[in-house]
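Peer 1: So that we are looking at the same thing, I have put the structure below in structure tokens.
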Amino acid sequence: MQELALILVGALLVNNFVLAQFLGLCPFIGVSGNYDTAVSMGFATTFVLTLSACLSHVSYHYVLVPLGLGYLNIITFVVIIASVVQFTELFVRSVSPLLHQALGIYLPLITTNCAVLGVALLALGQGLTFLQTMVYAIGAALGFTAVLVVFAAMRERLEHADVPAAFQGAPIALVSAGILSLAFLGFAGLGG
Amino acid sequence: MSDFGNAVLARNPAWSQLLGLCPLLAVSTSVVNALALSLASGFVLLGANGCIAAIRHWVPQFARLPCFVLVIATFTTCAVLLMQAFSFELYLRVALFVQIIVTNCMILGRVEAFASQHGVLRALADAAGTATGFALALLAVGAVRELLGHGTLMMGMEMLFPGTEDWGMTVSDAGMLLATLPPGAFIVAGLLLGLGNACFRAGGSRLEKQRASES
């Protein structure tokens, strides 16, 4: 139990996927302009990330390894992620059209979110069990959501700041992300 | 030729479109890491762009994205296996980010926007240009971070090209730790991007003024 808690905190704060491991930066910079869309994007990603990490784990250990096809892991994982995204879109559309409208254009973007593939590959590299993979994925996804939402709030404030012309837009966003990342360094050492 | 130049400068994937940021920030701790990832990305980009331009007439419209992603994933797997075979030590440093080339939106973007509509030769020129532009951005951040963080430049090149041990330079013995840590990556990239904006915007507005005065 304690081990699972450590994995969760590690993925959520200490090795935050966006700020310490540089995964999922495209949506982090691209979708964080608005607070509400950041929240929606975060939850859609959480769902897809957890589901695809679990499916990747199962398919690697129970299909690819017995067949001796371990080197096909990247191709398999990409197909799994794309199908999970496709399935989520269909599911959301039939269950809640309103949510689908809100998430609409963000769902397909998750396919090219490297954090999703990154979690699957990292969990594999660390040799985690199924339960550990699930906890790791949830921690990573919540960490991604938290940082995305915090950063969206920061950028709404930046809109009103007097930024030099050359730094408007992406450059100042990157520098403020650096400062946020500096703050997250404070979590290093938490949970050993 | 114009496809190549366009892709390097006007549409530089990293600087003007902010695509492929994850690898740009993650592996730019030193020049050799940056070069290794640029070469791997370039290989995948050339392969995928050329291959998709060749098969573009046989790919049905509704299934094109899955097809493209599979082609890119195939070339990425090749790149991973090649790096494991020829420079394993370096592969260990950048392993995750070589595997993650599949989800680099820069590559899918070029394939979808260019290779699926043009012939093989033009697609290859575009891929070469995009890869060069990406490599330039990656090497710029890598050089600045290695210089600030370790006080060295081009250390460890022999991992990529054997027999180049004397390429490394030591500029100063003291390094600034911040530049090698994750926050340093964001800050250096942000500052470089701002600097680039300042230079290019100034140049651009001068051109516009010139055009305005001519007309």
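Peer 1: Search segment A:73-89 for residues that are of a type in the set (D, E) and pair each with any residue that is in a helix (DSSP H, G or I) and surrounded by 20 or more Cβ atoms within 10 Å (Cβ to Cβ) when their beta-carbon atoms are under 6 Å apart and the residues are at least 6 apart or on different chains.
Peer 2: A:E89/A:L107
Peer 1: Applying the selection to segment A:44-96, what residues are over 19 Å from A:A123 (Cβ atoms), surrounded by 17 or more Cβ atoms within 10 Å (Cβ to Cβ) and either under 17 Å from the mean Cα position of the chain (by Cα) or of a type in the set (F, W, Y) (or both)?
Peer 2: Within segment A:44-96, A:A44, A:T88 meet the criteria.
Peer 1: Read through the list (1) more than 25 Å from B:V44 (Cα to Cα); (2) in contact (Cβ under 8 Å) with a residue 40 or more places away in the chain, then give the number of the only condition that B:L160 fails.
Peer 2: (1)
Peer 1: Only one residue in A:A166, A:A137 is of a type in the set (A, V, I, L, M, F, W, C) and modelled with pLDDT under 85, so which one is that?
Peer 2: Working: A:A137 fails: modelled with pLDDT under 85.
Only one candidate qualifies: A:A166.
Peer 1: Can you tell me which residues in segment A:181-192 are in a helix (DSSP H, G or I) and either more than 8 Å from chain B (Cβ to nearest Cβ) or among the aromatic types (F, W, Y) (or both)? Spell out the reasoning first.
Peer 2: Step one: of segment A:181-192, the residues in a helix (DSSP H, G or I) are A:181-187.
A:A183, A:F184, A:G186, A:F187 - these are the residues of segment A:181-192 that are in a helix (DSSP H, G or I) and either more than 8 Å from chain B (Cβ to nearest Cβ) or among the aromatic types (F, W, Y) (or both).
Peer 1: Still on this structure, I have one more. Can you tell me which residue among A:G125, A:G169 is at positive phi and within 10 Å of another protein chain (Cβ to nearest Cβ)? Write out each step before concluding.
Peer 2: Working: A:G125 fails: at positive phi.
None of the others qualify; the one that does is A:G169.
Peer 1: Would you point out which residue out of B:G133, B:G194 is modelled with pLDDT under 90, part of a helix (DSSP H, G or I), within 14 Å of chain A (Cβ to nearest Cβ) and out of contact with any Gly (no Cβ under 8 Å at 6 or more places or on another chain)?
Peer 2: Values: B:G133 fails: within 14 Å of chain A (Cβ to nearest Cβ).
Selected residue: B:G194, the only one of B:G133, B:G194 that is modelled with pLDDT under 90, part of a helix (DSSP H, G or I), within 14 Å of chain A (Cβ to nearest Cβ) and out of contact with any Gly (no Cβ under 8 Å at 6 or more places or on another chain).
Peer 1: So which of B:A36, B:A48, B:A85, B:A79 ends up being over 21 Å from B:A128 (Cβ atoms) and either surrounded by fewer than 16 Cβ atoms within 10 Å (Cβ to Cβ) or within 17 Å of the chain's Cα centre (by Cα) (or both)?
Peer 2: Details: B:A36 fails: over 21 Å from B:A128 (Cβ atoms); B:A48 fails: over 21 Å from B:A128 (Cβ atoms); B:A79 fails: over 21 Å from B:A128 (Cβ atoms).
Within the list B:A36, B:A48, B:A85, B:A79, the selection yields B:A85.
Peer 1: Something else about it: Checking A:F87 against (1) in a loop (DSSP other than H, G, I, E, B); (2) more than 25 Å from B:A95 (Cβ to Cβ), which test does it fail?
Peer 2: (1)
Peer 1: In segment B:49-82, how many are outside any helix (DSSP H, G or I) and touching a Cys at 6+ places or on another chain (Cβ under 6 Å)? Quick ask: steps written out before the conclusion?
Peer 2: Taking segment B:49-82 first, the residues outside any helix (DSSP H, G or I) are B:59-60.
Right, trim to touching a Cys at 6+ places or on another chain (Cβ under 6 Å) and you get B:59.
Looking only at that region, the number is 1.
Peer 1: Could you please tell me which pairs satisfy a Cβ distance under 7 Å, a separation of 6+ or placement on different chains, a first residue in segment B:52-73 that is under 17 Å from B:A127 (Cβ atoms) and more than 14 Å from chain A (Cβ to nearest Cβ), and a second residue that is crowded, with 17+ Cβ neighbours inside 10 Å and of a type in the set (S, T, Y)?
Peer 2: Final answer for the pair search is B:I52/B:S116; B:R56/B:S116.
Peer 1: Within segment A:98-122, how many residues are facing chain B (nearest Cβ under 8 Å) and part of a helix (DSSP H, G or I)? Break it down stepwise before answering.
Peer 2: Narrowing segment A:98-122 to residues facing chain B (nearest Cβ under 8 Å): A:111-114, A:116-118, A:121-122.
Restricting the remaining residues to those that are part of a helix (DSSP H, G or I) gives A:111-112, A:114, A:116-118, A:121-122.
Residues flagged as facing chain B (nearest Cβ under 8 Å) and part of a helix (DSSP H, G or I) within segment A:98-122 amount to 8.
The values are calculated or read from the model by the stated rules, or taken from the named source; none is laboratory data. All of these numbers come straight from a predicted model, not from anything done at the bench. Note that each Cβ is placed from the backbone with ideal geometry, even for glycine, and that neighbours are counted across all protein chains shown.
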